[in-house]
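Single-structure report; data block below.
The values are calculated or read from the model by the stated rules, or taken from the named source; none is laboratory data. This one's a predicted model, so the numbers in the text were calculated from it and none came from an experiment. Here the Cβ positions follow ideal geometry from the backbone for every residue, glycine too, while neighbour counts run over all protein chains shown. Protein only, heavy atoms only, side chains kept; ligands, DNA and RNA dropped before computing areas. Shrake-Rupley method; radii C 1.70, N 1.55, O 1.52, S 1.80 Å.
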Amino acid sequence: MKIIKHIIGGKETAGTSGKTQPVYNPSTGEQSGEVVLGGAAEVDAAVQAAQAAFADWSATPPAKRARLMFALREVMNARRDEIARTISAEHGKTHGDALGEVTRALEVVEFAAGIQSHLKGSFSRDVGPQIDTCDERQPLGVVAGITPFNFPSMVPLWMIPMALACGNTFVLKPSERDPSSANLVFDLFKQAGLPDGVLNIVHGGKGAVDAVLDHPGIAAVSFVGSTPIAEYVYTRGCAAGKRVQALGGAKNHMIIMPDADMDQAADALMGAGFGSAGERCMAISVAVPIGEKTADMLVDKLAPRVAALKIGPPDDPEAEMGPVITAAARDRIEACIAAGEKEGAKVVVDGRGLKLQGYEGGFWVGGTLIDGVTPDMEIYRTEIFGPVLSVLRARDYDQAVDLINKHEYGNGTAIFTRDGDAARDFAKRIQVGMVGVNVPIPVPVATHSFGGWKRSLFGSHGIYGPEAVHFYTRLKTVTARWPTGIRAGAQFTFPSME
Ligand code: NAD
């Protein structure tokens, strides 16, 4: 049986906790491996390794750190297929979807390769008599990342390239549900030439997370996962004096205006609602058609397509989506559908109880379409994180905007319309961090930053892009007088140009 171990100071280790957890192939439901679960001892060892590596790594010129990112890009491109297969084996997403995850991760590596420009400081001459001021951004020290199951390569790679390029060293605590991708990420960095100790991996669950949050040697924590854990990580990490960014869950709405191209909107909802079995924080989980006529047309278009979704294991080239991550996730999603039905919503296409021939033990949920969802229903308020698309019929555009603005989450949203006025108004008024206009999944490219609003992000920085440079560095401003030979005498008033 494959055992997935920690990587500390460049070496694999099982640690000392003696605890493990099974890892599954979600398509078959069979156990494919076992991951070791670390705690305070393993986190401490990883922090020590990262601290030891920090002096040399932070003193490595940015140009050389950038070169490592260029090398990493080559390694990742050469091993794309292997990375995608490793993701799918434990996550279950289709091979094409996993390749997409690798592509988005590569974009962050490419942005990090430009670190020399991103770290450039500013300079002001003559701020006082013979006095100049410059500023620079310096690394924080050892920083940590805690990541979710749904993008087991991409989310760690949202964090690590930027943190390392800025001169920090890193401890990653990946999801325990699909941990092999994290070790492969380490292997890619190693092949690109990363020195031992700069990147360390400690596997585990709550025990490892708490050890990260409490460790005095960790300066900052990036977290991506569900909202209750994001809030917990933010609160506990900040209380321990760390800089924390914690990205949480979502409930993403898409408004379909009466003037929208209905076929285009239906295509967008199929991909954004059911791609990756809905296990994306930017998945559209609520369609909001404006007016009954628009809603009827949309449901008529969607229902046959949802019922005909091609579902299969990652190596099925026809599959449009795979299984969900665990048996517990399947049961929870099915319970959400049942709760919606009980609350009075209409299950138009029911994905419960799906069995696939030859894969009877897999964690399958079929595509599900639910109409007549209302704002008071639990199915509307909570994040389902599965292949379930709700339709909430809005009277008019203003009611739809109001609905979105009142929701506790504010990760992503979209509007489909041909009306430029409505689109412009939407982009301005909507209380959501990432907005799409005729784009259903508006995940920003790596030259911009990713982050939601409200209870989808705790902390003041988005992830990757320019925000990452700010998150992973601190500002130092130097005010200097040259030549030194000028005597101004002792000045007891506050220094100014007067
Ligand atoms: P999760 O919150 O269960 O787990 C995330 C991390 O937290 C994992 O590393 C896990 O080990 C750890 N964790 C879990 N329970 C914990 C506890 N009680 N105490 C301390 N640590 C704990 O999330 P998940 O199920 O792996 O991922 C899905 C969630 O992540 C969804 O809510 C999704 O919306 C969200 N997500 C958000 C973004 C974003 O950018 N906003 C991106 C991807 C996923």
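Quick notes on this one:
- Rolled with a 1.4 Å probe across the full set of protein chains, the surface gives Ser58 an accessible area near 40 Å².
- Selection among Thr16, Gly121, Val36 by position relative to the dipole of the range 1-124 gives Gly121 as farthest towards the positive end (Cβ unit charges, Cα centre).
- For the range 284-357 and the range 21-49, distance of Cα centres in Å: 31
- Between Ala78 and Asp315, the FRET efficiency estimated from the beta carbon spacing at R0 = 35 angstrom works out to 0.95.
- Extension gain (nm, one decimal) between Lys206 and Lys406, 0.36 nm per residue minus Cα-Cα: 68.9 nm
- Remark: the chain carries a charge dipole of roughly 1420 debye about the Cα centre, counting +1 on each Lys and Arg Cβ and -1 on each Asp and Glu Cβ.
- Dipole of the range 44-144 computed with +1 at Lys/Arg Cβ and -1 at Asp/Glu Cβ about the Cα centre; of Ala59, Val143, Ala84, farthest Cα towards the positive end is Ala84.
- Considering only Met434, Ser390, Val108, the residue lying farthest towards the positive end of the dipole of the chain is Val108, judged by Cα position with unit charges set on Cβ.
- Within the range 342-480: Cβ-based charge dipole about Cα centre, in debye rounded to nearest 20 (Lys, Arg +1; Asp, Glu -1): 360
- With a cut-off of 10 Å between beta carbons, the residues surrounding Ile3 carry a summed charge of 0, where Lys and Arg count +1 and Asp and Glu -1.
- Pairwise centroid distance, computed over Cα atoms, of the range 455-482 with the range 123-159, Å: 5
- Amide H contacts under 5 Å for Leu457, placed H, 5+ residues apart: Gly248
- Net charge dipole size for the range 252-437 [Lys, Arg +1 and Asp, Glu -1 on Cβ; Debye, nearest 20]: 220
- Packing, as the average of other Cβ atoms within 10 Å across residues, places the peptides 232-242, 139-149 in the order 139-149, 232-242, highest first.
- The count of lysine pairs in the range 293-348 with alpha-carbon distances below 19 Å, taking only pairs 8 or more places apart or on different chains, stands at 4.
- For the chain, the longest principal axis of the C-alpha atoms and the axis of helix 227-239 are separated by about 20°.
- Probing with 1.4 Å while keeping every protein chain in the model, the per residue accessible area of the chain equals 41 Å².
- Note on Thr103 and Asp132: with the Förster distance fixed at 35 Å, the Cβ-Cβ geometry gives a FRET efficiency of about 0.20.
- Global geometry of the range 206-337, whether rounded, prolate or oblate, following the gyration tensor of its Cα atoms and the 1.5 cut on a/c: prolate
- Cα gyration tensor shape of the range 362-498, rounded if a/c is under 1.5, else prolate or oblate by comparing a/b with b/c: prolate
- Global geometry of the chain, whether rounded, prolate or oblate, following the gyration tensor of its Cα atoms and the 1.5 cut on a/c: oblate
- R0 of 25 Å, Cβ-Cβ distance Ala338-Glu360: FRET efficiency to nearest 0.05: 0.70
- Sequence ranges 22-30, 166-174, ranked by mean other-Cβ count within 10 angstrom, highest first: 166-174, 22-30
- Sparsely packed trypsin sites (Lys or Arg not before Pro) within the range 331-412, loop by DSSP, other Cβ within 10 Å at most 11: Lys355, Arg395
- Applying 0.36 nm per residue to the separation of Ala52 and Phe123 and subtracting their alpha-carbon distance, the gain on full extension is 22.3 nm.
- Distance between the range 199-257 and the range 398-449 - C-alpha centres, whole angstrom: 25
- Using alpha-carbon coordinates, inclination of helix 154-165 to the longest axis of the chain, degrees: 10
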